[in-house]
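Trainee: A single structure is presented below for examination.
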Amino acid sequence: MELLRGLPLRRTLLAVVLNLLALTLSTTALLGSYWCTGTQKVPKPLCGKTKATQCIGVPIPPDGDASNFSDDSVHYSWETGDDRFAFRYFHTGMWLSCEEDLEGPEEKCRSFIELSPPAERGILWLSLSSEMLYISLLLISFILMMVEILHTGNPVCGMKLNAFAAISSVLSGLLGMVAHMMYSQVFQATVNLGPEDWRPHTWDYGWAFYMAWASFTCCMASAVTTLNTYTKTILEFKRTHIKGYDDSLKENPQHHQCFIQQISSYYEPKGKVFHSVSEGVDFYTDLQQKILQREPELDLDEVLGQTIGEDRC
């Protein structure tokens with residue numbers, strides 16, 4: 001019990017810190033919209049009173065407005081080729097895809113679920129569900145480890161909580177890995193098959209994507225630390241228990257010799273055959289004859305005690 005009360009608190013605290021870090025990173029990544037970032041190639045808007053840069057200039061009367069002109073007036077511009085296009089910044093998460101507004105300082109956001117191809121939406125929903133389960137299991141593991149640290153009255157229950165926390169951490173890490181890989185597959189499919197006005201010209205993974213994988217790394221490190229704590233505690237307990245048993249045999253050599261004799265009598269040579277119930281009948285018959293041959297004042301309990309004492313070495 002002394003060993004169980006002295007659980008390796010440092011490793012348990014390390015596992016709690018890693019689990020909490022994984023929980024924070026995964027929640028931030030799920031709520032963020034910077035899993036992927038890049039630029040989109042879009043036509044420049046017409047220049048007007050509110051837009052003087054990154055636009056196509058056309059001859060506009062002083063009292064006119066660019067909205068009164070049709071798209072045919074664009075051919076008056078000297079800009080050709082890529083000069084007619086602008087590259088706007090965008091960033092995408094699991095929930096939203098936000099794009100830079102070339103006509104104003106604000107961003108325009110759309111649902112990424114609606115932008116994804118219909119054939120890939122089932123995988124995207126599965127990815128979202130796995131990500132939520134990943135965070136839920138991380139939270140459960142964190143609660144179990146905190147209960148283990150605070151509940152020190154019963155060390156055996158603490159070891160069970162440690163084992164359940166390790167299993168929960170391992171399952172959550174596997175779900176998180178699957179969720180991240182499925183999202184990457186859905187995003188690449190959306191890049192090729194998504195709406196024309198959304199398809200990126202260049203793109204790369206953003207900080208939320210790397211944060212999600214950092215969360216997975218911390219989760220697995222927490223699981224390994226928790227399993228290591230549980231396994232090492234079990235091995236130390238068994239070693240201490242066996243050591244205590246060896247010490248008791250050294251202190252009581254007669255008990256040790258009696259134990260060896262009992263084992264030897266159990267594994268007797270094969271020449272001696274067990275005769276089932278008949279041997280038990282013969283034993284009690286001999287006992288009765290002993291009682292009758294002994295003195296009358298000898299009590300039956302004394303005879304039984306002597307016989308059992310002989311059998312117990």
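The values are calculated or read from the model by the stated rules, or taken from the named source; none is laboratory data. Keep in mind that this is a model prediction, so the values were computed, not measured. For neighbour counting, all protein chains shown are included, and Cβ atoms are generated from backbone atoms with ideal geometry for every residue, glycine included. Note: accessible area is taken over every heavy atom of the protein model, side chains too, but ligands, DNA and RNA are not part of it. Shrake-Rupley method; radii C 1.70, N 1.55, O 1.52, S 1.80 Å.
Trainee: At 1.4 Å probe size, with no ligands or nucleic acids counted, give the accessible surface of T233 in Å², nearest ten.
Mentor: Here the accessible area works out near 10 Å².
Trainee: Sticking with this structure for a sec: Could you order Y34, Y210, Y89, Y134 by accessible surface area, starting with the largest, using a probe radius of 1.4 Å? List each step's numbers first, then the result.
Mentor: Details: Y34 65, Y210 130, Y89 90, Y134 0 Å².
Result of the area sort, largest leading: Y210, Y89, Y34, Y134.
Trainee: Now for a separate question. Extension gain V224-H201, at 0.36 nm per residue separation less the Cα-Cα distance, in nm?
Mentor: Taking 0.36 nm per residue and subtracting the Cα distance, the gain is 4.1 nm.
Trainee: Sticking with this structure for a sec: On a 1.4 Å probe surface of the protein chains, which of D204, D101 comes out largest in accessible area, and what is the full order?
Mentor: On the way: D204 85, D101 35 Å².
So the residues, ranked largest to smallest area, are D204, D101.
Trainee: OK, next. How much solvent-accessible surface does W198 expose, in Å² to the nearest 10, with a 1.4 Å probe and all protein chains in place?
Mentor: 0
Trainee: At what distance in nm do the modelled label points of K41 and I167 sit from each other, each positioned 7 Å from its Cα along Cα→Cβ?
Mentor: Here the modelled spin labels are 5.5 nm apart.
Trainee: Apply 1/(1 + (r/R0)^6) to the Cβ-Cβ distance of R121 and F87, taking R0 = 35 Å, and write down the FRET efficiency to the nearest 0.05.
Mentor: Efficiency computed from Cβ-Cβ geometry: 0.80.
Trainee: Still on this structure, I have one more. I want to make sure I understand the PRE zone here: with the label point 7 angstrom from the Cα of T27 toward its beta carbon, which residues in segment 126-147 have backbone N atoms less than 17 Å away?
Mentor: Backbone N within reach: 131-147.
Trainee: To continue, here is another question. Whose amide H sits under 5 Å from the amide H of Y34, counting only residues 5 or more places off or on another chain, with H placed in the peptide plane?
Mentor: A208
Trainee: Could you check the spin-label model distance between I143 and V191? Points 7 Å from the Cα along Cα→Cβ, value in nm.
Mentor: Once both label points are built, they end up 3.9 nm from each other.
Trainee: Using a 7 Å offset from the Cα along the Cα-to-Cβ direction at both S136 and T231, what is the distance between the two label points in nm, to one decimal?
Mentor: Computed distance between label sites S136 and T231 equals 3.0 nm.
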